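**Q** Just passing along the structure, written as structure tokens.
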Amino acid sequence: MAFIKHDLIKKDTVEARLYQELIVTKIIEKGNSLVVAPTALGKTIVAVMLAAHKLKENKENKILFLAPTKPLAVQHEKSFKKFLEVDDDQIVSITGTTKPSEREKIYDSATIINATPQTIENDLLNGRLNLKKFALVIFDEAHRAIGDYAYVFVNLQLQKHNRNALVVALTASPGSNEEKIQDVCRNLSIKNIEIKNNEDEDVKPYVNEIEIDWVRVELPTEFQKIKLLLETFQRVQLKFLKSIHIAKTENKNYYNRIRLLEMQAMLRKRLSSGNANPILFSAISKSAAMLKGAHAIELLDTQGIGALNNYWEKVLEEGARGKSKAAKNIIANEDVKQAIRETRDLFEKNIQHPKYAELKKIILEQFKAKPKSKIIVFNHYRDSIKEVVNFLKDEKKIKATRFIGQATKGTEKGMSQKIQQQVLDELREGKHNVLVASSVAEEGLDIPSVELVVFFEPVPSEIRTIQRRGRTGRFGKGKTIILMAKGTRDEAFYWTAKNKEKKMKTTLNRIKGTPLPEQSTLLNFSENEAEERIIVFVDSREQASNVTKKLFDRDAKVIMKQLTVGDYVLSKDVCVERKSVEDFLASMIDGRLFNQLVDLRENYSKPLVILEGNIDELFTLRNMHRNAIIGALTSIALDYQIPIINTKNVDETAEYLYLIAKREQFGKDRDIRLRIGRKGLSVSEQQRYIVEGFPLVGPLLARNLLKEFGSVKGIIDADEKDLQNVENLGKVKAKKIKKILEAKFKEEKDKEAGLNLPRKDD
């Protein structure tokens, strides 16, 4: 076996594979590149070789490797330490759990930084990270670089401040949709695409064969009976929707989940446009009930009685508590009532989906052939995962355990990263030999290679299919088996994913040789403009908001603070409370709104409320009387004298904030008065806060006074003549300041804290 020889790659650690070397050569030649290759083809090795190249080019260069999860970031840290001749303390991984002050030190000291994108995004927003330091930035699982995912924001900032950095994006599948592939390329400033497949002649010697098979099962007669009852319910709803010209057809197969959601969106749009026709409310309720019916059929088809019974329990609870009108409507239907009774009967008899028996058979056959095998069973539903684990535990040879995400869903508590890692370690050690996993095991975790992967149900996504399949065949021959119920959604999803994967390969090969789109959203930026940037104080709770990122994109200097008043401070006079339509209504109900308005009015001379979203939805989202909402809006404008600006979305909100801040700051005293609540202020900020309360003293003068006298006490002890020597502070101001500082306090009956109060007898 031949190995790569390079000054910065450890001897005899990286196998010399011509296709990897060619990919690296082309990336160096062509620039920013997307590398598309199945799992186990060595995309990480390509990253290692590029890192070695950049560090040899200039030893002062830094490398940033971004991965979507903490375990994956740690995994990449281990890989770099394994292969590179770089001191271990120079190769680090950081996440949100690393203290901000520590992260700032790491950015300065470390050479190779492995991090989660959200951590990097937060540090960019808070000014803790300078991207100019990096010569190579790698985006792992690059198909995520769409929409508002942090990868998009990070690269946008990279292109503003450091276009010389080499961008490399890695993925097993960017998707089959050409528009999505183009989006990924645009969002990561990709100029070149490198594609490798297991079928390529230069790859074949290095990959293991993966056998792919499928097993089809028949739905029992009892299942078919329940399904017929639910389909009858669906047809009745569709007939009604067709009669009022909402549905195009009565064909239940046409209205899948996506089309039903599109129907609901269309109906809500009609309502929000002012059409208060009661029939529209009925239509929304019917379509929502259909969604529940469709989900019930899906569970019956693909998962079985246990999952369906659990779902009925949830729907019955929703209906009984009045949480959902759709739930109330569906459980009132006679066909559905009968379906629920039939489901309970089969559940009590412990009747399982035929997939369960087939799955056990497949696993036992695998252990018979290879007793030390490790197996992953992928299942989309948590309830089913639990059911499958319990079913398999009856067999002594099978040591099954579940593996799910961190999020808690309903009563189902998620698994922390610590517990996830523990389960994976136990799989390696042989304590478990079957992992029944949700989508969390598809990517982003260092899961040991397994001999067999089973899909409990097919998924329509080619990305997820490729990711699942890639868990086997890493160190030997692998096998993938897909379970399907005949005549159900399973078969449709299987062929959908298969066709999408084929389309992906065709699309990638077609666009590979064509000019890739430029990133049109980039804004010009230069260092000499930095001092002219507007300043926006942002409440730290707004950090996750896309508004903050949009302000950053406009080159606003965003400063995060824990504000006790408002969400955005734009000048010494202007403070903004931002509310979505939903939050506006919620804050009316719980009373927060009016407390916030009082704080705004008392602390700022020009308070503003930004109401974000379709204002017509104020009258449709919640069951609130129209007069109450109009009354609140009127009170804000007249009683509190606070203007309301309605914006369509986060983009428009950011635009308003930026332009208002620009209007307030340019051509004026640009220092913002830090009367933003006392919590979260540093000592120097608190000192400024106190001094700004002196008569005729603004932010700039407060700073000059503190610089001159060194402390608040020093200012108080200074005589009038000393005060006059301070820049921008003349005789008149000095006299007024000393008068206030030295005057004896006299309590006034009719006034308090500067507010005119009515007499008791008024």
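Here, each number is a calculation from the coordinates, and none is a lab measurement. Remember, it's a predicted structure, so these values are computed and weren't measured experimentally. Note that each Cβ is placed from the backbone with ideal geometry, even for glycine, and that neighbours are counted across all protein chains shown.
**Q** Once you put a point 7 Å from the Cα of W495 and another 7 Å from the Cα of N390, both along the Cβ direction, what distance in nm separates them?
**A** Each label point is offset 7 Å from its Cα along the Cβ direction, giving 3.6 nm.
**Q** Could the peptides 10-20, 338-348 be put in order, highest first, of the mean number of other beta-carbon atoms found within 10 Å of their residues?
**A** Going from most to least packed, we get 338-348, 10-20.
**Q** Here's something else I'd like to know. Given the peptides 26-32, 306-312, arrange them by the average over their residues of other C-beta atoms within 10 Å, most packed first.
**A** 306-312, 26-32
**Q** So the label point goes 7 Å from the Cα of R663 along Cα→C-beta, right? Which residues of the stretch 583-609 then have their backbone N under 13 Å from it?
**A** Zone members listed by number: 606-609.
**Q** Let me ask another. So if R0 is 51 Å, what FRET efficiency would K486 and E201 give, r being the distance between their Cβ atoms, rounded to the nearest 0.05?
**A** Efficiency computed from Cβ-Cβ geometry: 0.85.
**Q** How large is the charge dipole for the chain, taken about the Cα centre, if only the Cβ atoms of Lys, Arg (+1) and Asp, Glu (-1) carry charge, to the nearest 20 debye?
**A** 900 debye
**Q** Same structure, new question: Which distance in nm do the two modelled labels at K372 and L228 give, with both placed 7 Å along the Cα-to-Cβ direction?
**A** Here the answer is 5.3 nm between the modelled labels.
**Q** Say a paramagnetic label sat at a point 7 Å from the Cα of D616, along Cα to Cβ; which residues of the stretch 243-265 have their backbone N under 20 Å from it?
**A** 245-247, 261-265
**Q** Provide H353, H53 in ascending order of the number of other Cβ atoms located within 10 Å of each residue's Cβ, fewest first.
**A** H53, H353
**Q** Pairs K43/K180; K292/K325; K70/K105; K30/K81; K572/K662: which are spaced more than 23 Å apart, C-alpha to C-alpha?
**A** As for pairs spanning more than 23 Å Cα to Cα, those are K30/K81.
**Q** Let me ask another. Suppose R0 equals 25 Å; then what is the FRET efficiency for I212 and K413 from their Cβ-Cβ distance, rounded to the nearest 0.05?
**A** Efficiency for this residue pair is about 0.10.
**Q** Out of L741, L729, V683, whose Cα points farthest toward the positive end of the dipole of the stretch 683-756 (charges: +1 Lys, Arg; -1 Asp, Glu; placed on Cβ)?
**A** Ranked along the dipole, the leading option is L729.
**Q** Apply the Karplus curve 6.51 cos²θ - 1.76 cosθ + 1.60, θ = phi - 60°, to the phi angles in the stretch 237-254 and return the couplings in whole Hz, x for Gly and Pro.
**A** Each residue's phi maps through the Karplus curve to give 5, 5, 4, 5, 5, 5, 5, 9, 6, 9, 8, 7, 8, 8, 6, 4, 5, 5 Hz.
**Q** Treating the angle as unsigned and between 0 and 90°, give the value, to the nearest 10°, between the Cα long axis of helix 626-638 and the longest Cα principal axis of the chain.
**A** 30 degrees
**Q** Right, another one. Grab the Cα-Cα distance for D583 and Q724, subtract it from 0.36 nm times how many residues apart they are, and report the gain in nm with one decimal.
**A** 45.8 nm
**Q** Which order do the peptides 226-233, 88-95, 187-194 take when ranked by the mean count of other beta-carbon atoms within 10 Å per residue, highest first?
**A** Output ranking for 226-233, 88-95, 187-194: 187-194, 226-233, 88-95.
**Q** If you take the charge dipole of the chain about its Cα centre, with +1 on Lys and Arg Cβ and -1 on Asp and Glu Cβ, which of L563, N130, V35 is farthest toward its positive end?
**A** Of the listed residues, the answer is V35.
**Q** Looking at the chain only, what percent of DSSP beta bridges run antiparallel? Nearest 5 please.
**A** 15 percent
**Q** Kindly write out, for the stretch 37-54 in residue order, the coupling ³J(HN,Hα) from the Karplus curve 6.51 cos²θ - 1.76 cosθ + 1.60 (θ = phi - 60°), rounded to whole Hz, with x marking Gly and Pro.
**A** 7, x, 4, 5, 8, x, 5, 5, 5, 4, 4, 4, 5, 5, 4, 4, 4, 5
**Q** Something else now. Determine ³J(HN,Hα), in whole Hz, for all residues of the stretch 262-268 in sequence, where each value follows from phi through the Karplus function 6.51 cos²θ - 1.76 cosθ + 1.60 and θ = phi - 60°; x replaces Gly and Pro.
**A** 5, 4, 4, 4, 5, 5, 5
**Q** Just want the ordering: F709, F281, from fewest to most Cβ atoms lying within 10 Å of their own Cβ.
**A** F281, F709
**Q** In addition: Would you mind working out the magnitude of the charge dipole of the stretch 395-435 relative to its Cα centre, with +1 at each Lys and Arg C-beta and -1 at each Asp and Glu C-beta, to the nearest 20 Debye?
**A** Computed about the Cα centre, the dipole is about 80 debye.
**Q** Separate question: Here are several values of volume of the Cα convex hull per residue in Å³: (1) 214; (2) 186; (3) 156. Which one was derived from the coordinates shown?
**A** (1)
**Q** Excluding residues fewer than 8 places away in the same chain, name every one of the lysines whose C-alpha is closer than 24 Å to that of K721.
**A** K707, K713, K731, K733, K735, K736, K738, K739, K744
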